[in-house]
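First up is the structure itself, then whatever we jot down about it.
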Amino acid sequence: MLTFAGSLALAGCTGDSADREKTIREQAAKAAAEAKPKIEEAGRAVKAAVDGAKEGWENGEQKKLDLNAATVDELTELPGIGKHEARRIVAGRPYHDKHELVSKKILPTSVYEKLKDEVVVR
């Protein structure tokens with residue numbers, strides 16, 4: 001008789017447990033359905049931020065001055081570069097690497113350090 005009562009109690013717990021699991025599943029499904037639009041919106045916002053950062057990064061790259069194409073006037077806008085230095089840069093073309101400004105003795109290292117991040121060689 002005791003075994004039979006234990007079996008009934010176990011069966012009762014199993015039924016309660018199954019009901020709780022079903023309720024939890026239903027609540028989780030409802031919460032996920034409610035959260036989905038917000039998560040999708042957040043995903044779109046993150047993508048827009050990443051795209052904006054990428055665009056800004058690429059635009060920053062485009063603003064760099066190409067040592068092989070820049071005019072004397074454009075070169076004089078660089079820090080530490082006057083007309084004399086700009087003409088020397090133009091006369092030293094073509095460049096394969098921007099550090100050639102130093103290796104070809106067109107600019108001293110101190111001046112090169114000021115403008116190295118603003119120039120490229122294409």
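So here's what we get for this one:
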{"item": "Residue pairs, from the table Lys63/Lys116; Lys64/Lys114; Lys64/Lys104; Lys54/Lys114, whose Cα atoms sit over 18 Å apart", "result": "Lys64/Lys104; Lys54/Lys114"}
{"item": "For the stretch 49-122, average projected area of the Cα convex hull in nm²", "result": "5.1"}
{"item": "Table column - 3J(HN,Hα) (Hz), the stretch 72-86, Karplus curve with 6.51, -1.76, 1.60, x for Gly and Pro", "result": "4, 4, 5, 5, 5, 7, 6, x, x, 10, x, 4, 4, 5, 4"}
{"item": "Cleavage-rule hits (GluC sites (Glu not before Pro)) in the stretch 36-122: DSSP loop, at most 15 neighbouring Cβ within 10 angstrom", "result": "Glu77"}
{"item": "Solvent accessible area, Å² - Asp117, 1.4 Å probe, full protein context", "result": "110"}
{"item": "Other-chain or far-sequence residues with amide H under 5 Å of Leu65's (modelled H)", "result": "Val119, Val120"}
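The values are calculated or read from the model by the stated rules, or taken from the named source; none is laboratory data. It should be emphasised that the depicted structure is a prediction, and the values quoted were computed from it without experimental measurement. FYI the Cβ positions are ideal-geometry reconstructions off the backbone, even for glycines, and counts take in every protein chain you see. Surface areas here come from the heavy atoms of the whole protein model, side chains and all, with no ligands, DNA or RNA. Shrake-Rupley method; radii C 1.70, N 1.55, O 1.52, S 1.80 Å.
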